[in-house]
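*Asks:* This is the structure I have questions about; it appears just below.
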Amino acid sequence: MEGPEVDALSFRLSALAGRQWVDRIDVPAHRWQANVLLKHCSGKRINQIYSQGRWLLWNFSHGVSWAIYPLKRWHWSAQWTDAGKPPAQGWMENISPLSTAVGRRPLLRITLENGGCLILSGRPLLVVLSTEKLYRHPSLAGLGPKLSDEFLTDEIWEKRLRLLTGDKTISQAIMDESVVAGISNQTKCEMLFAGAIHPAARMGSIESRQMREILSAARRRGELLYRASLEGHSARELPRLVYDRAGEPCRRCATSIVAERCGRDGLWSWFCPHCQKLPQQPMLFGVEPVAAAMPEPEPFSGTALK
Ligand SMILES: [Zn+2]
């Protein structure tokens, strides 16, 4: 699940449930430790549903918020309590009620005053906290902007990347949620290919022009993904030039794509070893070799020793 997908999901959920009053909330027994807190949101209005990075955020009228994160796969579906009404556009068919265990196990069912019903299943992380303290939660406090945020200009993007301390690789910098939140490994691989950057390249070796190229590639992909998600499609259906194509020919030079864990971000990186060459990196343990910093020796002018 990537940022733009959660963004699209929040848009769809808002269309169905935004500004609606909650009639009731059903939670299967023993599923959520916080189920009392969840149930307290019935009888309240949903003020807003939006996203930040991969977090889906719900604000309720009584000053309580939900922060839901797709730790493992999650699934949202919508149905009308009136079975005769067709499913809302872009949503799955009506799913089984909470009591029958077919396929996915529902975790939460939210019944709305307009007769709509939203069901969450899968294995997300759900945190209930006061709206006032929402952005003090450690996972949310340090989140960077979204790719789609307008204030994220080329200059700000480059500045945020370069502000990272230490001698980071470009892969580590891209995957750092404090720079920009919600970029997936798949997007990372595709954007590095677009900028012809090796996943293990150090930040210091990357030119401003490449920084701009990878941001614009990430944005194009983010927009495609957002639009696809609105129609219920997933990231897997998007075109891939390198991601998950190990052994297949590069579309630019026909060299075989390789997969390595070289970006030091704890993830696999798929890339073309010909188009994305590792620049000369004389840095050793983050320190310039002493010789490079020494002045050129004076030409020897004394009497040669024998
Ligand atoms: Zn290539």
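*Asks:* Order of 180, 27 from fewest to most other C-beta atoms within 10 Å?
*Replies:* Working: 180 26, 27 18.
The fewest-first ordering by Cβ neighbours comes to 27, 180.
*Asks:* Here is a follow-up. Quote to one decimal, in nm, the extra length available between residue 73 and residue 255 on full extension: 0.36 nm per residue of separation minus the C-alpha distance between them. Kindly include the intermediate steps, with their values, before the conclusion.
*Replies:* Working: separation 182, 0.36 × 182 = 65.52 nm, distance 3.39 nm.
My answer for the length gained is 62.1 nm.
*Asks:* Which entries of 133/159; 133/168; 188/277; 159/188; 72/188; 72/159 show an alpha-carbon separation above 22 angstrom in the structure shown?
*Replies:* Numbers: 133/159 28 Å; 133/168 32 Å; 188/277 16 Å; 159/188 18 Å; 72/188 20 Å; 72/159 32 Å.
Result: 133/159; 133/168; 72/159 exceed 22 Å.
*Asks:* At 7 Å along Cα-to-Cβ for each site, give me the label-to-label distance between residue 150 and residue 234 in nm.
*Replies:* Result for the modelled spin labels: 3.4 nm.
*Asks:* Between residue 105 and residue 23, with labels modelled 7 Å along Cα→Cβ, what's the label distance in nm to one decimal, could you check?
*Replies:* 2.7 nm
*Asks:* Could I ask something else about it? About its Cα centre, what dipole magnitude does segment 145-269 give when the only charges are +1 on Lys and Arg Cβ and -1 on Asp and Glu Cβ, stated in debye to the nearest 20?
*Replies:* Values: 20 positive and 18 negative charges, 46 e Å.
The dipole magnitude comes to about 220 debye.
*Asks:* Based on the Cβ-Cβ distance from residue 267 to residue 14, what FRET efficiency comes out when R0 is 30 Å, to the nearest 0.05? Write down the numbers at each step before the final one.
*Replies:* On the way: r = 31 Å, r/R0 = 1.05.
That pair, residue 267 with residue 14, gives E of 0.45.
*Asks:* Say R0 is 25 Å: what FRET efficiency, to the nearest 0.05, do residue 248 and residue 277 get from their beta-carbon distance? Walk me through the intermediate numbers first.
*Replies:* On the way: r = 19 Å, r/R0 = 0.77.
Approximately 0.85, to the nearest 0.05.
*Asks:* Now, a different point. How about segment 137-232: which chymotrypsin sites (Phe, Trp or Tyr not before Pro) there are in a DSSP loop, with at most 14 other Cβ atoms within 10 Å of their Cβ? Show your work: numbers first, answer last.
*Replies:* Numbers: sites: 151, 157, 193, 226; in loops: 151.
For chymotrypsin sites (Phe, Trp or Tyr not before Pro) across segment 137-232 that sit outside H, G, I, E and B with at most 14 neighbouring Cβ atoms in 10 Å, the list reads 151.
*Asks:* Return the distance in nm (one decimal) between the two label points of a simple spin-label model at residue 123 and residue 42, each offset 7 Å from Cα along Cα→Cβ.
*Replies:* 2.8 nm
*Asks:* Dipole size in debye (nearest 20) for segment 197-263 around its Cα centre, Lys and Arg Cβ +1, Asp and Glu Cβ -1? Before the final figure, lay out each step's value.
*Replies:* Working: 13 positive and 8 negative charges, 33 e Å.
The calculated dipole for segment 197-263 is roughly 160 debye.
*Asks:* If I take every Cα pair under 8 Å that is 6 or more residues apart in segment 154-282, average their sequence separation and divide by the length, what percent do I get for the relative contact order?
*Replies:* Numbers: 193 pairs, mean separation 36.6, N = 129.
It comes to 28 percent, rounded to a whole number.
*Asks:* Sticking with this structure for a sec: Select from segment 120-176 those GluC sites (Glu not before Pro) which occupy a DSSP coil region and have at most 10 other Cβ atoms within 10 Å, ordered by residue number. Please report the intermediate quantities before stating the final value.
*Replies:* Details: sites: 132, 150, 155, 158; in loops: 150.
Passing both the DSSP loop test and the Cβ count: 150.
*Asks:* Okay, next question. Please name whichever of 175, 246, 266 sits farthest to the positive end of the charge dipole of segment 154-282, dipole taken about the Cα centre and charges placed at Cβ: Lys and Arg +1, Asp and Glu -1.
*Replies:* Going by the Cα projections, it comes out as 246.
*Asks:* Within segment 168-258, list the GluC sites (Glu not before Pro) lying in a DSSP loop whose Cβ has at most 14 other Cβ atoms in a 10 Å radius.
*Replies:* Details: sites: 177, 190, 207, 213, 223, 231, 237; in loops: 177, 207, 231.
Counting only loop positions with at most 14 other Cβ atoms within 10 Å, the GluC sites (Glu not before Pro) in segment 168-258 are 207, 231.
*Asks:* Now for a separate question. Kindly put 135, 243 in sequence by how many other C-beta atoms sit within 10 Å of each C-beta, fewest to most.
*Replies:* Details: 135 14, 243 24.
Fewest-to-most Cβ neighbours within 10 Å comes out as 135, 243.
*Asks:* Per residue of segment 185-194, in order, report the coupling 6.51 cos²θ - 1.76 cosθ + 1.60 (Karplus, θ = phi - 60°) as ³J(HN,Hα) in whole Hz, putting x for Gly and Pro.
*Replies:* Karplus values, whole Hz, x for Gly and Pro: 4, 4, 5, 3, 4, 5, 6, 5, 5, 4.
Quick note: the coordinates plus some simple rules give every number you see, no bench work behind them. What you are looking at is a predicted structure, and each value in this text was computed from that prediction instead of being measured. We place every Cβ from the backbone using ideal geometry, glycine too, and count neighbours over all the protein chains shown.
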